[in-house]
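What follows is a short report on a single structure.
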Amino acid sequence: MSAMPEQPGQETDGRERVQKVLARIGLGSRRANEILVREGRVRVNGTVVELGARVGPDDELSVDGVVYSTRPDAVTYLLNKPAGVVTTAADPQGRPTVIELVPAEPRVFPVGRLDLDTEGLLLLTNDGALAHRLTHPSFGIEKEYLAEVEGKVSRRALRALREGVELDDGPTSPAKASLVEPGLLRLTIHEGRNRQVRRMCEAVGHPVVRLVRSRIGPITDPKLKPGFSRPLSGDELLQLQRAVEPRR
C-alpha cells in the first residue's frame, strides 16, 4: 500500500496520519514530526510523503533511512533473564520460558537467545523488521557480557580474545576484552554463534562459571531485577533503531 493525502470523509481502514505514528513510536511531538515531514526526511514505502499522508500497519515507514514499525500494538520489552529459564515460546520439558516473564498480549518473541544457564538482558518484540536487524550479522549489533571464569586470566588469554579465537566452527571475530577484577572478564562481541562466549573462554583456558549479558547495543539497565521486564522507552527504541541503521 502507498500513503495517500487525507481527504474529507475518506475511509482510513485503520490508517493513521504519519505525524501521529511518528509521535506514537517516540520520535518527538507531533509538531516536531511535522517538521521532519516538511523537510522531506520521512518516507513511506520508499516515497517521500507530505503532511496529511496516512500510513497503515503494512507500510514501511522510515526517517532518515531508519525503518520503524507502524503496527499500533508494536512493543519491545527488555527482560533480565534468570538462569534456568529457556529462551523459547514453549518448552516440551516444562521448564519456565522467557515468554512467561512478559505480558501475554500483544504476543512477542525473543530476539536471539541466551542459553539455559546464561543470565541477563534479552529483547522480546513483535516488530519483525527490528528483530531481523538485531540478529542479522551484517548489522553487527554489539552484545556485552560479564563472565566469571576459572583461573587467573593472563595477558596472553586477553590478547587471544581480542584477536579472535579458533573454534570448531571457525575463527571468531576480534572481541573487546578486559579484566574487571581477577576472574571476571568483560567481553563484547557482535556475532551470535551458539554459546559463543562460553566456547571462547574455554578455548583460552578459562571455562565460564557464570555468564551475564549486560548490554545489547545501546541498551542497558543495571536496575532491572532478574525475572522482571519492562517496555523500552521511546528514546531507547530510537537509539536501538539508529544502532541497526544500514551502514553507508
Boolean, Val209 is crowded, with 18+ Cβ neighbours inside 10 Å and β-branched (Val, Ile, Thr): no
Flag if Ile216 is crowded, with 18+ Cβ neighbours inside 10 Å, of a type in the set (Val, Ile, Thr) and in contact with a Leu (Cβ under 9 Å, 6 or more places away or on another chain): yes
Among the residues of segment 49-67, write down those that are exposed (fewer than 14 other Cβ atoms within 10 Å of the Cβ) and farther than 11 Å from Val18 by Cβ. Asp58, Asp64, Gly65
Unique match (being closer than 30 Å to Leu238 by Cβ, in contact with a helix residue (DSSP H, G or I) (Cβ under 9 Å, 6 or more places away or on another chain) and at pLDDT 95 or above) among Pro218, Pro222: Pro218
When segment 101-147 is examined, which residues are found to be touching a strand residue (DSSP E or B) at 6+ places or on another chain (Cβ under 7 Å) and on the phi > 0 side of the Ramachandran plot? Gly120
Within segment 13-24, count every residue that is modelled with pLDDT under 80 and either buried (at least 20 other Cβ atoms within 10 Å of the Cβ) or of a type in the set (D, E, K, R) (or both). 2
Does segment 191-204 hold any residues that are farther than 15 Å from Gly120 by Cβ, crowded, with 16+ Cβ neighbours inside 10 Å and not charged (D, E, K, R), and which are they? Met200, Cys201, Ala203, Val204
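Counting just the residues of segment 218-233 that are outside any loop (DSSP other than H, G, I, E, B) and of a type outside the set (A, V, I, L, M), which one comes out nearest to Gly170 (Cα to Cα)?
Ser229
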Go through segment 75-94 and count every residue that is more than 20 Å from Val212 (Cα to Cα) and touching a strand residue (DSSP E or B) at 6+ places or on another chain (Cβ under 8 Å). 5
Given the conditions (1) more than 30 Å from Asp58 (Cα to Cα); (2) touching a His at 6+ places or on another chain (Cβ under 8 Å), report the number of the one that Pro96 does not fulfil. (2)
Only one of (1) crowded, with 19+ Cβ neighbours inside 10 Å; (2) under 26 Å from Ser214 (Cβ atoms); (3) within 18 Å of the chain's Cα centre (by Cα) fails for Arg113. Which number is that? (1)
Looking at Glu144, is it acidic (Asp, Glu), within 18 Å of the chain's Cα centre (by Cα), within 30 Å of Arg210 (Cβ to Cβ) and in a strand (DSSP E or B)? yes
Given the conditions (1) in contact with a strand residue (DSSP E or B) (Cβ under 9 Å, 6 or more places away or on another chain); (2) closer than 19 Å to Asp117 by Cβ, which single one is not true for Asn194? (1)
Selected residue (criterion: surrounded by the most Cβ atoms within 10 Å (Cβ to Cβ)) from residues of segment 117-130 that are at pLDDT below 95 and either under 9 Å from the mean Cα position of the chain (by Cα) or within 30 Å of Val149 (Cβ to Cβ) (or both): Thr125
Among the candidates Gly46, Gly94, Gly65, single out the residue that is modelled with pLDDT under 85 and on the phi > 0 side of the Ramachandran plot. Gly65
Tyr77 - would you say it is touching a residue at least 60 places away in the same chain (Cβ under 8 Å), in contact with a helix residue (DSSP H, G or I) (Cβ under 7 Å, 6 or more places away or on another chain) and either surrounded by 14 or more Cβ atoms within 10 Å (Cβ to Cβ) or of a type in the set (Lys, Arg) (or both)? no
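The values are calculated or read from the model by the stated rules, or taken from the named source; none is laboratory data. Quick caveat: nothing in here was measured; it's all calculated off a predicted structure. Heads up, the Cβs are rebuilt from the backbone with ideal geometry, glycines too, and the neighbour counts pull from every protein chain shown.
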